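Enquirer: Structure provided below as structure tokens; questions to follow.
The values are calculated or read from the model by the stated rules, or taken from the named source; none is laboratory data. Values in this document were obtained by computation on a predicted structure and should not be read as measured data. Cβ coordinates were reconstructed from backbone atoms using ideal geometry, including for glycine residues, and neighbour counts include every protein chain displayed. SASA here: full protein model, heavy atoms, side chains in, ligands and nucleic acids out. Shrake-Rupley method; radii C 1.70, N 1.55, O 1.52, S 1.80 Å.
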Amino acid sequence: MSTEQADQQSQSCSSHMMKTTKRGRPFLKDTLDLFATLIVSLQLTPHKQYFRTFPNSFTTDEAAHNLASLKFSQSNRGPDPRDKSRIVTTTTTTTFSMTRDMAKAMCQHFMDARLIENAADQGSNLFKDRGTYVLTPKGLHVLERFISKNGINADHLQQAFASQPICVRLLHLERRAADDEIIVTQSVITALFRRFVGRQANYLPSQSIPSDTFQEYQERTKGIQLSNIQDKATIPGKGVVTHKYCFSAVSALEWLCDFTSVVGREEAAEMAAQFVRFGLITLVSDKRKNNDSAIIFTVRGSTPGGNSPVSPHGEFRCTAKAIYKITEEGKRVAQWDESTPSPFSSTTNLHGDRASLDSAAVETGSKCGPDAAVSAADAKIHRRISMAEKLHASYEAGEKKGNVKSNMDRLNYILEEPAYRGLFRDFLKANFCEENLAFWLDVEDFKRKFSTTSSAQATASPRLGNVHHECLIQTALQIYHKYLAPSSQHELNIDHGLRLDLASYLGEVITNLNGKSFDGQVNPNHFNATQLQMLIKLYSRIQTHVLRLMATDSLPKFVKTPRFVEARQHLGEGVGANEDVLFLTSPHAPPGLGEEEAGGAYMTVSAKASEQREHRSQISESHTSS
């Protein structure tokens, strides 16, 4: 599999093979980018198989045909290095080329990563030569982020986003740059485990309640589904023992693949083995027959010492009959019982273990497992700043210890978080001041389109991918006439000096063009690219003004609303949650200070899934009221 990159400005070209791990799969970032590029290039349409019709699907032949010669183009606008007054556009085109067999193997990697699934047989893990496939909720989440990041026009995919469940929260585990292996630390495993078990024990309902696909998926997203298991007591005379908080090994692997960035069951089994090593789960029973094969993953690492429950090794049985349960230690780490202090609550304990998972052992019918490489961190590890912490007014950051975070910082976080941003928009609308947020969002979207334009396509069916200069000008003028022109429909209440600066600049542009004075009306013929960039700077100043206005007037009222408090609980940011391990980021160390990579975990939230959930909630409320 090879990729070629060409810069259309300089006509330079380079070619390289896609990097693969020791397991033979491409690095995760390349896998996700190639998957999203493929899906954007496809037309997801209804396909028939086994007398059934599957909407928003594609076939093996369609995927292989597009992967044979796939192009991804990205255009970036910026100042000319030789003349800062000029705006230049640099377009980089990446071309993927592979044989049909290689394309099928790549699609198998997509299935292993739980990005696509067989529409007719969702239990199948094999990518077949003649099959029909659909995107999984995780695949839709990855696709949404790719489209948003690269400014791709994906109107042809809106039906898929609207009609299928989307993963609301996807937990990402950071990886080593050299081999793409997950960096395992105690804090990472704690974050992963808390997401795995949920904020409360997720027991299956005692009675079967009819539900649709969305409801079933919503139940799974709360955490691994648990049940109580009765088993014969190991002590004679004890009769039957009931084990609480149990789950099957297979369901654990499926859940980890569906809701985290792990790739395939092998990697999921390694993370489950780490749960065992850290004393969070334990085996209840494995009632397979003696002649049945068993795949057992074993991981090894260092131990903190003292009374720590962390073991030097852990094993996980990947069999259909294996049952595990959450231990007392697991319940404390999960924070189900808030009155019980967690031994992992301190920063020292969280980051004391630095075992990096190098490999897991796999054997049929017996245990095995060479030691994984173990590395200890003697140097002080920077405190990781969680996304949730940024929301708290009491958060102390670096050199600013003791200072209260400003409302502006809190508002910036809310605007960056899709789930909160939607609630904030509804709050402003109810208070008749939504034009401030609408202007801020429209300008953000416009600036992104101005700086980056991307397209993905199969070379056999080229499509227009670049946003033309005229369209950008049209967007800029729509913003002006909607929010800033005198007596406009949603006129902003902005500082007089800002309004005067904008009117002065527009008057200067128009006067220089045709000698006429500015009358409040602007048309596309008045601007070139450099003048458009200056207009963006003025828009940015107005953005800052409305941002301050929202931060001082609207935000203090919004954060006290019940809907906001409920949303924080849903995202795992409620009071009492240990945010250091729910949302982890790795601050970059200064150059030359150590070569060890610090692992971390972070959550991404789907805006479309949040909108989807809100829409279904409104429909449900309307049905209830009627």
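Enquirer: Evaluate the distance, in nm, between pseudo-label points positioned 7 Å from the Cα of GLN43 and of LYS149 along their respective Cα→Cβ axes.
Expert: Here the answer is 2.9 nm between the modelled labels.
Enquirer: Given the pairs LYS128/LYS149; LYS104/LYS149; LYS149/LYS449, which are separated by over 20 angstrom at their Cα positions? Could you put the intermediate results ahead of the total?
Expert: On the way: LYS128/LYS149 31 Å; LYS104/LYS149 27 Å; LYS149/LYS449 10 Å.
Pairs exceeding the cut-off: LYS128/LYS149; LYS104/LYS149.
Enquirer: With a 1.4 Å probe and every protein chain left in place, tell me how much accessible area SER504 has, in Å² to the nearest 10.
Expert: About 70 Å², ignoring ligands and nucleic acids.
Enquirer: Something else: Under a 1.4 angstrom probe, counting protein chains only, how are HIS141, HIS313, HIS172 ranked by accessible area, largest first? All intermediate terms of the calculation are to be shown ahead of the outcome.
Expert: Details: HIS141 0, HIS313 85, HIS172 25 Å².
Heavy-atom accessible area, descending, gives HIS313, HIS172, HIS141.
Enquirer: Please give me the summed charge of the neighbours of PRO418: other residues whose Cβ is under 10 Å from its Cβ, Lys and Arg +1, Asp and Glu -1. Provide the component values of the computation, followed by the final result.
Expert: Numbers: positive: ARG421, LYS608; negative: GLU144, GLU416, GLU417, GLU611.
Residues near PRO418 contribute -2 overall.
Enquirer: Under 5 Å between amide H atoms, partner at least 5 residues away or on a different chain: which partners does ALA294 have, H built in plane at 1.01 Å?
Expert: GLY365, SER366
Enquirer: Residues of segment 84-222: accessible area per residue at 1.4 Å, in Å²?
Expert: Numbers: 5920 Å² over 139 residues.
About 43 Å² of surface per residue is accessible.
Enquirer: In the neighborhood of LEU135, defined by Cβ-to-Cβ distances under 13 Å, what is the net charge if each Lys or Arg adds +1 and each Asp or Glu adds -1?
Expert: Working: positive: ARG114, LYS138, LYS608; negative: GLU117, GLU144, ASP258.
Overall, the nearby charge balance is 0.
Enquirer: While we're on this one: Does anything in segment 146-169 have its amide N under 16 Å from the 7 Å Cα→Cβ label point of THR213, and if so which residues?
Expert: 157-168, by backbone N distance to the label point.
Enquirer: Could you give the length gained by full extension between ARG86 and LYS22, i.e. 0.36 nm per residue of separation minus their alpha carbon distance, to one decimal place? Walk me through the numbers on the way to the answer.
Expert: Numbers: separation 64, 0.36 × 64 = 23.04 nm, distance 4.69 nm.
Once the chain is fully extended between ARG86 and LYS22, it gains 18.3 nm.
Enquirer: Run the 1.4 Å probe and let me know the accessible area of GLU470, rounded to the nearest 10 Å².
Expert: It works out to around 120 Å².
Enquirer: Could I ask something else about it? How much accessible surface does THR90 have with a 1.4 Å probe, in Å² rounded to 10?
Expert: Its accessible surface works out to 50 Å², give or take rounding.
Enquirer: Mind giving me the nanometre distance, one decimal, between the label points for ASN528 and SER285, set 7 Å out from Cα along Cα→Cβ?
Expert: Reported label-point gap for ASN528 and SER285 is 8.1 nm.
Enquirer: I need the calculated FRET efficiency for the pair GLU416 and ASP179, taking r as the beta carbon distance and R₀ as 41 Å, to the nearest 0.05. Could the numbers behind the result be given before it?
Expert: Working: r = 31 Å, r/R0 = 0.76.
Step by step, r from the Cβ atoms, then E = 0.85.
Enquirer: Subtracting the Cα-Cα distance from 0.36 nm times the residue separation, let me have the gained length for ASP129 to GLU614 in nm, one decimal. Please report the intermediate quantities before stating the final value.
Expert: Values: separation 485, 0.36 × 485 = 174.60 nm, distance 3.89 nm.
170.7 nm is the gain from fully extending ASP129 to GLU614.
Enquirer: Now for a different question. Using the per-residue mean of other Cβ atoms lying within 10 Å as a proxy for protection, in what order, highest first, do the peptides 95-105, 245-255 fall?
Expert: Numbers: 95-105: 16.7, 245-255: 19.8.
Going by the mean number of other Cβ atoms within 10 Å, highest first, we get 245-255, 95-105.
Enquirer: Let me ask another. Express the carbon and sulfur contribution to the solvent-accessible surface of segment 3-155 as a percent, rounded to the nearest whole number, probe 1.4 angstrom. Don't jump to the answer; show the numbers that get you there.
Expert: Details: 3770 of 7460 Å².
Roughly 50 percent of what the probe reaches on segment 3-155 is carbon or sulfur.
Enquirer: Order HIS243, HIS490 by their accessible area, 1.4 angstrom probe, all chains in place, largest first.
Expert: Details: HIS243 35, HIS490 70 Å².
The most accessible residue leads, giving HIS490, HIS243.
Enquirer: For segment 122-139, take each phi angle, set θ = phi - 60°, evaluate the Karplus expression 6.51 cos²θ - 1.76 cosθ + 1.60, and give the result in whole Hz per residue in order, putting x for glycine and proline.
Expert: Using θ = phi - 60°, the values come out as 5, x, 7, 9, 10, 8, 8, 5, 10, x, 10, 10, 10, 7, 7, x, 5, x Hz.
Enquirer: Oh, and also: How far, in nm, would the chain grow between THR561 and LYS321 when pulled straight, counting 0.36 nm per residue and subtracting the alpha carbon separation?
Expert: 81.7 nm
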